[in-house]
1. In segment 97-120, how many residues are assigned to a loop (DSSP other than H, G, I, E, B) and surrounded by fewer than 18 Cβ atoms within 10 Å (Cβ to Cβ)?
2. Please go through segment 44-69 and give me each residue that is over 23 Å from the mean Cα position of the chain (by Cα) and assigned to a loop (DSSP other than H, G, I, E, B), ordered by number.
3. What is the number of the single condition among (1) at pLDDT 95 or above; (2) part of a loop (DSSP other than H, G, I, E, B) that LEU85 does not meet?
4. Could you please give the count of residues in segment 111-125 that are polar (S, T, N, Q) and at pLDDT 95 or above?
5. Could you run through segment 74-96 and say how many residues are over 15 Å from PHE30 (Cα atoms), exposed (fewer than 10 other Cβ atoms within 10 Å of the Cβ) and of a type outside the set (Gly, Ala, Ser)?
6. Scan segment 126-146 residue by residue and report those that are of a type in the set (Ser, Thr, Tyr) and crowded, with 18+ Cβ neighbours inside 10 Å.
7. Just the residues that are surrounded by fewer than 21 Cβ atoms within 10 Å (Cβ to Cβ) and acidic (Asp, Glu), please, taken from segment 30-52.
Amino acid sequence: MGGTGEASVDREGPRIRIGFEGQEFVDGDFVPPSCVLVAELEDESGINITGELGHDIEAWVDGRNYKLTDSFVAQGDYRRGKVRLPLEGLRPGLHRAVVKAWDIFNNRSKAEVTFRVAGKVEISDVLCYPNPMDRETTFTFVLSGPAHVRIRIYTLSGRLVDTLEGEGRVGFNTFPWRPKRPLAGGVYIFKVEAEAEGSKASCVEKLADYR
C-alpha cells in the first residue's frame, strides 16, 4: 500500500556550549576576575536572532540578566555562531552562568555552568605523565589565575636536578621536560611553584624513573 512521506519536524532547540575566552574551560574551573564568557550556538534549522519579544539570546550570571542577541556573530552560515559577554570585577568564590537561545522554529534550549574566581593564586590537580617516565615527561596542573611558574626537580637527598620556568595561564597547564642528561633510575621529587601579584602557592609530588 502506497503512502506519502512526511518532512521531519524540528522540535529541538540549539546546542549550546559555554566557555571562557583564552582558556580550555571545563565546568567548575577557575577564571580570572575579569574575563569573557563565550557561548557557541548551533542548530540545523538556524539560530533565532530576530530579537523578537521573549526570544532573545540571553545569559544570566549569578541571577543578573544580559541580552546577547546583538552580539551574535555567525560562523560560516546562519546555523552556527557565538555570543560574547565581558565580565568585570567578579568576586572570589563560586559563580553560575546560564545561557538560553531559540532556533527559527522557536524551540528553546539552555545550558548552565559553574565557575570559580580565586582571591589568591592556587594550584591543583598536579600530575606528570608518563610516570614512571622514560626519557621525558610532562608536568600538568591547574592554576586559579595567570602566574609565573617554576618547577624544580630534586633527588630524594635534596640535590637539585633541573629547573623549568615559564608563564602559566588560568586553567589547565602543561610543561614538558626532557632531562639535559640521563637520570639514574629511582624516585625523584618535583615542586611546582606559582606566584602572581604577591600571592604564592606550591605543591610537591613524586616522579619515578625506572631504567
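The values are calculated or read from the model by the stated rules, or taken from the named source; none is laboratory data. This structure is a prediction, so every number in the text was calculated from the model and none was measured. Positions of Cβ are backbone-derived with ideal geometry, glycine not excepted, and every protein chain shown enters the neighbour counts.
1. Within segment 97-120, the subset assigned to a loop (DSSP other than H, G, I, E, B) is 104-107, 118-120.
So of that shortlist, the ones also surrounded by fewer than 18 Cβ atoms within 10 Å (Cβ to Cβ) come out as 104-107, 119-120.
The qualifying residues number 6.
2. GLU44, SER45, GLY46, ASN48, ILE49, THR50, GLY51, GLU52, LEU53, GLY54, HIS55, ASP56
3. So LEU85 meets the others, but not (2).
4. Our first condition is that a residue be polar (S, T, N, Q); within segment 111-125, this holds for 114, 124.
Going one step further and asking which of them are at pLDDT 95 or above, we end up with 114.
Selection size over segment 111-125: 1.
5. Taking segment 74-96 as the starting set, the residues that turn out to be over 15 Å from PHE30 (Cα atoms) are 74-86.
Restricting the remaining residues to those that are exposed (fewer than 10 other Cβ atoms within 10 Å of the Cβ) gives 76-77.
Retained after the next criterion (residues that are of a type outside the set (Gly, Ala, Ser)): 77.
The number of residues fulfilling the criteria is 1.
6. Correct list: THR137, SER144.
7. Passing the criteria: GLU40, GLU42, GLU44, GLU52.
Let's see how each residue does on (1) at pLDDT 95 or above; (2) among the small types (Gly, Ala, Ser); (3) not in a strand (DSSP E or B):
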position: LEU127; (1), (2), (3): yes, no, no
position: VAL142; (1), (2), (3): no, no, no
position: GLY145; (1), (2), (3): no, yes, yes
position: VAL149; (1), (2), (3): yes, no, no
position: THR163; (1), (2), (3): yes, no, no
